[in-house]
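Structure first, commentary second.
Bear in mind that the values in this text are calculations on the coordinates, not laboratory data. Everything numeric here is computed off the predicted structure, so don't read it as measured data. Note: ideal-geometry Cβ built from the backbone for every residue, glycine included; neighbour counts use all protein chains shown.
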Amino acid sequence: MRLLPFASLLLLAAACVPLGTPITSTTPGTQQPPEYYADKTLRYQDYTYSPEVRSVQCYVATGQPNEVFQPPVVPLGQSPSITLEFDVLNGQSQRYTAKLIHCDADWQPSVLTNMQFLNEINEFLITDYRVGSGTKVPYFHYRMQAPQVKLSGNYLLVVQTTAGVPVVSRRLLVYENQVQVSLKPGIVIGGQQRMTMQQLDFSVGYASVELVNPAVEVKTVLRQNFRWDNAKYNLRPTFVRDLDRRLEYQYFNFENAFPGLSEYRYFDTRSVQAAGMGVLHVDPRAAPVTTVTLQPEVSRSPTAYNQYVDSNGQRVFESREYGNGATNADYADVTFQLKADQPAPGPVYVLGALTDWQLKDEFKLTYDETKQLYTGHALLKQGYYNYDFAVAGARGTAPNEAYFEGSHYETENQYDLLVYYRPPGTRADLLIGYQMVDMNSRQ
């Protein structure tokens, strides 16, 4: 797996150079440039532009336990605010600023000026940063709150250097409930798909607001576990109830259905003194960083559904020995293992919030035919992680997670629906409706 070379870790300990350079060989001196980080062009998506930047979290600060699991979605004009946190692996602090970019429903920058959606200058100096305490890997932890906005819609929060080079971007959603959104689990119409897929039925009522040509102008996006990589876009209403002023979305070709998959795999590295769940071995005395080897995993595609509580692909950082995960949790070189009798029909990756839901070269696994084993390793902060294994398909297609994970209608997943509308004569897509629903909730 081309992830973080061991040689780079040695350099970090000695000279605090950036981490994250992928490798294609274990032989010293055969490093290749990190393709993922090579292009610094701003992308209007969740993205990390620097190999030094790690452990990015963007969530709604509710003050409740596990608030980091709350997606960055807030109602217009109300608290709490959206919080962004990240680490920079370096020996000294750096100066970063942040800005908001208003986007349309398709995540392209809108033509609005800053003052049309903000009450302040659109440049925010990040002043809340602290140094990692007592860790082998030196880092600074940065934290900021997103500013309040005047319009609902899509926003891209961009953190950049003083030279204007982006280092992190995250998508934020601000909504207002102008319409009545009804989102609920449905029943898949089909044969075998009824056992593997999860369908969401929904409607949009607009009795309390005047919409012009709603069947065409209203745009909807349906997401699973708050992911953008496999979201359903441009879903058009199948029925327009003019008398009831309601749009109904009832499909028969799985346009509104997702593979249920399985509960996410997990591992716990919150302690470096003992092996946690999913961990085979941990060596806190390893130099220059602690090493963690995870339990060998197997394919779950031929097995029955196994119920347990997960965090839907998310992760939380924590140190059991020292407490505060923001600055006391250290980094460890984590090795993933996946048993497979034969190679998959495409490259295999670790996937989850730890990868920004992207197939990164850093998280690509390597297959050993003699051992019949996929392996790869990554530098990860101490914490509790969810993840799964995905097989890459053709360019532009969603990864195949069901190949190793299987798919079951019983799996617990969260879904949310976004409803956009651009009023006549305006230049912005407003997020006029939002609703979230649990499928197979355990509560």
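Summing charges over all other residues whose Cβ lies under 9 Å from the Cβ of residue 440, with Lys and Arg as +1 and Asp and Glu as -1, gives -2. Structure note, pairs 99/360; 40/360; 136/381; 40/219: Cα-Cα distances above 19 angstrom occur for 99/360; 40/219.
Entry note, the chain: the mean residue ellipticity at 222 nm calculated from DSSP H runs of n ≥ 4, each adding -39500 (n - 2.57), is -1500 deg cm²/dmol after division by the residues and rounding to the nearest 500. If you take all other residues with their beta carbon under 14 Å from the beta carbon of residue 279, and give Lys and Arg +1 and Asp and Glu -1, the sum is -1. Among 144, 195, a tally of other beta-carbon atoms within 10 Å of each Cβ gives an order, fewest to most, of 195, 144. For segment 40-175, the dipole from Cβ point charges (+1 on Lys and Arg, -1 on Asp and Glu) about the Cα centre works out to 240 debye, to the nearest 20. Using a 10 angstrom cutoff on alpha carbons, build the Gaussian network for the chain and name the most mobile of 48, 83, 161. Of the options given, 161 has the highest mean-square fluctuation. Put in line by how crowded their Cβ is, counting other Cβ atoms within 10 Å and starting with the fewest, 101, 82, 121, 189 read 121, 189, 101, 82.
How high is the relative contact order of segment 40-175, in percent, counting Cα pairs under 8 Å that sit 6 or more residues apart?
Computed value for segment 40-175: 33 percent relative contact order.
All other residues whose Cβ lies under 14 angstrom from that of residue 424 are scored, Lys and Arg at +1 and Asp and Glu at -1, for a net of -1.
Taking the Cα centre of segment 265-405 as origin, sum charge times position over the Cβ atoms of Lys and Arg (+1) and Asp and Glu (-1), and report the length of that vector in debye to the nearest 20.
Using only the charged Cβ atoms, the result is roughly 60 debye.
For the chain, modelled as a GNM whose springs connect Cα atoms under 10 angstrom apart, the maximal fluctuation among 314, 199, 116 occurs at 116. Between the residues 204, 443, 324, the greatest Cα displacement towards the positive end of the dipole of the chain, with unit charges on the Cβ of Lys, Arg, Asp and Glu, is found for 324.
How big is the gap, in Å, between the Cα center of segment 276-299 and the Cα center of segment 394-416? When both Cα centres are located, 27 Å separates them. So what is the relative contact order for the chain, in percent, with contacts set as C-alpha pairs under 8 Å and at least six apart? Once divided by the residue count of the chain, the mean separation gives 17 percent. Each Lys and Arg contributes +1 and each Asp and Glu -1, all at the Cβ; summed about the Cα centre of the chain, the dipole is approximately 380 debye. Stretching the chain fully between residue 438 and residue 283 yields a gain of 51.9 nm (0.36 nm per residue, less the alpha carbon separation). The angle separating the long axis of helix 6-15 from the principal Cα axis of greatest extent in the chain is about 80 degrees. Inter-part distance, segment 102-161 to segment 306-360, computed on C-alpha centroids, equals 26 Å.
Exposure proxy for 362, 123: other Cβ atoms within 10 Å of each Cβ, ordered fewest to most, give 123, 362.
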